[in-house]
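This report refers to the structure that appears directly beneath it.
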Amino acid sequence: KMQTDVEVKQEATIPLTLETEILALCNDNPKGISDKSLESAVAGYDVKQRVTAINRLLTMGKLELLKGSSGLIYRIKTPSAVGSISGVDNQEKLVYQIIESAGNKGIWTREIRYKCNLMLTEVNKILKNLESKKIIKAVKSVAAAKRKVYMLYNLQPDRSVTGGAWYSDQDFESEFVEVLNQQCFKFLQQKCENAEKETTLSPTATNASSFASSEEVLEFISKLGISKVTLSPEDIETILNTLIYDGKVQQTVVPVANGESKKLFKALKPLIETTDFARTPCSLCPVFNECQPGGEISPENCLYMDEWMEY
Amino acid sequence: MSSRECLLAYELLQEHYGKIAADVASFLLQNGWQPLRYIALKANLKLDQVRKALCLLIQHKLAKFHVRKRKIVEYAINIENVLSILFHPKFIYTVKLLYGDAAELIVEEALQHGIILMSTAIKNVADRLPDENGSGKIEKAFKDLVQTHFLQREPEVEKNEEEEYIVPIFTQNEADLYRLPTLSEESLKRKRSDDGSDEPKAKRLKSEHETPSVKDDGVYWSVNISRFQQYFRDQSIVASVTQRFGTPCGEIVRAMLRISEVTTPANAQSTQPISSAEIARSLPQKLPMEHVEQHLKLLSNDEDQIVQLFDDSGSGGLYVVNLKNSALALATATVLSYVQQRYGSKACRIFRLLMLKKHLEQKQVEEFAMIPPKEAKGYLYHMLAENMVIMQEVPRTPDHAPARTFYLYSVNIQRLSRILLVKCYKTCTNLMTRHNHLIKTNKRILDKEERITAIKVRVNATLPDADEAQLEEIEEMMTSSERTSLTKHQHCCNKLHTAQNQLLNTIFVLDSYLNALSSA
Ligand code: SF4
């Protein structure tokens, strides 16, 4: 046990990220990945670094080496095989199994404790231990502010934990959402304008070509390159929904093949651009209710009116 | 009725009918039906003053009366008509656009008199339009206005011999509302010498008996307020359809509204059903038939349902403009625009979200609207504090513990339309107050300007060849700083005036929605 601890401390950061990358690659290819494809996928590292990383992963029992049809392949090792990890005692095994069963949704310390019936200090010690060995990891959950959940190291946290594309490190990226909101609208608006420019089209055809699917919108957004994360059509639909609530976009559902249906979106113009009431200073006045003709605050001595009448 | 409406009514009455009429009206607005003596006593006015004020108000259809317990006559105010004084300039302007100068003056006369004889109106307008030879053109304008229902006939006094009633009884056949009397030259001539049309209705009973031979007598006309409202309503519907769907759709809806203009009662839910072929025929700019049909189909698929398919059994189908839906859609758009302007676009997103989903907890609002919790909370609380959204507590346990209570937010467009309408009325009062204040502050300069204008007119009349220098001398009676403040004064008045005029559109949209609700 001591030995691994020391080893971990000695690790430089490069091998560590490399290890994570390899693990992620293997995660994405659950059937296994050949040495060749691995090599080209992590081309940024030299052979020695790669070999060290793979070896370490193999000794830690995170990867296994198999013979495939076209040579050797590395594959992610099924977690239940942890028993074989050296230096893990029974209590650790129990905690491990509890965490394992929580899957990629993770589990809180409190619940682990409740399930394994150990002292808090003990549980904490085990968690720390497993964490330092990169067997498990702690992830901040957006669902419960500031609380950490534990899950196996190689798992991709569930959306309910990370909050999906709109969260980075548990913080909701509202600016990102607003930028996407504006860009999606711009795309749909452009689509409408283009359709209207085609004067040869019938009204029905103009209308039809003003609509776009979430995939089309997504394609536009991806090309813009404003998103660091990969967005799914569902992510885009969430954004398009905010535009529906903005009253700027309408949605229609059309049937596609074999009884399924598809949502389409189109920019929508408002019935009234700006209400005439909003053109008066009183409509936005903070002391509207206090204002009385002849009163302390009054239309006669009102500075908002002065200013508004200026130009 | 809110005190805001009363205040505005008071301002309007005072401006147009004087302080006593305004005082009487405001007393009646606060106290409902009251008899003459009681009004005089409580409002601290002379009996005769009150009587005169009531006559004036009744003649202008601003007050009404009834008999209680068969012997007490009581009076009350027609608040809708009082508030529609605001729209008088708009009435006049609309008619000018539609039917020209003669029609404009006829409506002006009718508004000035409240109710007016056709012969009186024609004579007065003829006096004011010396260039029009003869009254033929004016008479035609009058007839046009009646045929398009902008003027309507007042009920006539029922002749009863028994003298059993203490107030005149009026009767009217609905068929007569827009029936013109045949004017003889004689009645026009007679009117020219005798101009007694200012008598209030109650007194007219007698003269009726004296000159029963003249056909025009006793047939009074007034401006049909609801017809004007209908016209404005149609215009705002066309404007918003054009805004959303473009000009061809706007024209289609305009054609539909025009076709059913005179046949659809003011408070109807929808226009009469109209075939696409008929619509296509009445378009000013011809469109291919299949385009008209496609536009109609697209319009009827819109979620606001301003245009609806009535029956698709025939070829092309029958369509209606749903007036009730239109009123709701326009009022909603107005409320939303206000929310957007006052609270910002994210608050407006939350607001519309609540409209669509009915009841939501704060957490759901954050998730759907994708607005961070702190921000969303800020918007919700701001709107809650100003009564724009409603919060309901739904306790899950009988102890009402906050941790076990749902806090559900929602919005109510009807309630908000009401609130906003009252705000508009108050704003209107504010603009008017400011305007009067301006006139008071600049009175000296304004008076001076008036004097100078009068002098100029006199000089021009008496000395047709007054030289430049003389005229300039007159001009220079006004110092340059006075001139600047005069220009500034006029600019401010224009600004106030324009704003008040625009405000009428909003008032109109909200008011017609609330009326549509109450008439259903
Ligand atoms: S008059 Fe001035 S103080 Fe009064 S409500 Fe209007 S803007 Fe506000």
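Across the range A:247-311, the volume of the C-alpha convex hull divided among the residues equals 122 Å³ per residue. When restricted to Cα atoms, the range A:167-311 yields an Rg and a Dmax of 22.2, 72 Å, respectively. Peptides B:322-329, B:503-510 ordered by packing proxy, namely the average of other Cβ atoms within 10 Å per residue, highest first: B:503-510, B:322-329. Heavy-atom accessible surface of A:Lys93, to the nearest 10 Å², is about 70 Å², with a 1.4 Å probe and all protein chains retained. Grouping the Cα pair distances of the range B:419-502 into 5 Å bins from zero gives a pair-distance distribution of 3, 13, 18, 16, 13, 12, 9, 7, 5, 3, 2, 1, 0 percent in increasing distance order.
Among the protein heavy atoms, those of A:Cys116 account for about 10 Å² of accessible surface (1.4 Å probe, every chain in place). Computed extension length for A:Asn55-A:Glu111: 16.7 nm, one decimal, from 0.36 nm per residue of separation with the Cα-Cα distance subtracted.
Only alpha carbons enter this Debye calculation for the range B:226-320, each as an equal point scatterer, and the log10 of I(q)/I(0) it gives at q = 0.18 Å⁻¹ is -0.77. Taking all protein chains together, B:Asp127, B:Asp234 sort by accessible area into B:Asp127, B:Asp234, largest first [probe 1.4 Å]. Taking max minus min of the alpha-carbon positions on each principal axis, the range B:327-411 gives extents of 42, 29, 21 Å, largest first. Structural descriptor for chain B: relative contact order 11 percent, calculated from alpha carbon pairs under 8 angstrom and at least 6 residues apart. Here the range B:3-77 is described by how far its Cα atoms reach on the three principal axes: 35, 23, 22 Å, from widest to narrowest. Here is the list for the range B:27-92: trypsin sites (Lys or Arg not before Pro) lying in DSSP coil, each with at most 16 other C-beta atoms within 10 angstrom of its C-beta, are B:Lys46, B:Lys69, B:Arg70, B:Lys71. Between the residues B:Ser236, B:Ala327, B:Ala268, the greatest Cα displacement towards the positive end of the dipole of chain B, with unit charges on the Cβ of Lys, Arg, Asp and Glu, is found for B:Ala327. The average projected area of the range B:371-490, computed from the convex hull of its Cα atoms over all directions, is 14.8 nm².
Neighbouring Cβ atoms from other chains, within 10 Å of the Cβ of residues in B:490-502, number 3 on average.
Here B:Ile92 sits with roughly 30 square angstrom of accessible surface, probe radius 1.4 Å. Simple spin-label estimate for B:Thr247 and B:Lys19 gives 5.5 nm between the two label positions (7 Å along the Cα-to-Cβ direction from each Cα). Put simply, when A:274-284, A:218-228, B:274-284 are sorted by average Cβ atoms within 10 angstrom per residue, most first, you get A:274-284, B:274-284, A:218-228. For chain A, the longest principal axis of the alpha carbon atoms and the long axis of helix A:120-132 meet at an angle near 90°. Summary value for the range B:364-463: 14 percent relative contact order, contacts being C-alpha pairs under 8 angstrom separated by 6+ residues. Which percent of the Cα-Cα distances in the protein assembly as shown go past 42 Å? Across the protein assembly as shown, Cα pairs with separations above 42 Å total 55 percent.
For chain B, the mean residue ellipticity at 222 nm estimated from helices alone is -20500 deg cm²/dmol, where every DSSP H run of n ≥ 4 contributes -39500 (n - 2.57) and the total is divided by all residues, rounded to the nearest 500. Once Rg and the Kirkwood radius are both taken over the C-alpha atoms of chain B, their ratio Rg/Rh works out to 1.03. Using only alpha carbon pairs under 8 Å that are at least six residues apart, calculate the relative contact order of chain A and give it in whole percent. Taking the mean separation of contacting Cα pairs over the length of chain A, I get 9 percent. Which values, in whole Å and largest first, are the semi-axes of the equivalent ellipsoid of the range B:39-136 obtained as the square root of 5 times each eigenvalue of the Cα gyration tensor? Three semi-axes, in Å: 34, 15, 12. Computed from Cα positions, the angle between helix A:214-224 and the longest principal axis of chain A comes to roughly 80 degrees. Net charge dipole, the range B:3-77: roughly 520 debye, given to the nearest 20, about the Cα centre with Cβ charges of +1 for Lys and Arg and -1 for Asp and Glu.
Counting Lys +1, Arg +1, Asp -1, Glu -1, what net charge surrounds B:Phe232 among other residues with beta carbon under 12 Å of its beta carbon? Every neighbour counted, the sum reads +1. Peptide B:344-350 shows a mean partner chain C-beta count of 3 within 10 Å per residue C-beta. Once every Cα of chain A carries one equal point scatterer and solvent is ignored, give the base-10 log of I(q)/I(0) from the Debye formula at q = 0.07, 0.09, 0.13, 0.16 Å⁻¹, two decimals. Result of the Debye calculation: -0.52, -0.74, -1.06, -1.27. A DSSP coil position with no more than 15 other Cβ atoms inside 10 Å describes the following GluC sites (Glu not before Pro) in the range B:312-377: B:Glu361. Separation of the alpha carbons by more than 29 angstrom is noted, of B:Lys64/B:Lys426; A:Lys62/A:Lys140; A:Lys134/B:Lys377, for A:Lys134/B:Lys377. Between the helical axis of B:225-245 and the longest alpha-carbon principal axis of chain B there is an angle of about 40 degrees. Note on B:324-334: average number of Cβ atoms from other chains within 10 Å of each residue's Cβ is 2.
Applying 1/(1 + (r/R0)^6) with r as the Cβ-Cβ distance of A:Ala24 and A:Leu284 and R0 = 41 angstrom yields a FRET efficiency of 0.20. Sorting B:Thr479, B:Thr264 on solvent-accessible area from highest to lowest, probe radius 1.4 Å, gives B:Thr479, B:Thr264.
The values are calculated or read from the model by the stated rules, or taken from the named source; none is laboratory data. Quantities reported herein were computed from a predicted structural model and do not represent experimental measurements. Ideal geometry is used to build each Cβ from the backbone, glycine not excepted, and the neighbour counts take in all protein chains shown. What goes into the accessible areas is simple: the full protein's heavy atoms, side chains included, and nothing from ligands, DNA or RNA. Shrake-Rupley method; radii C 1.70, N 1.55, O 1.52, S 1.80 Å.
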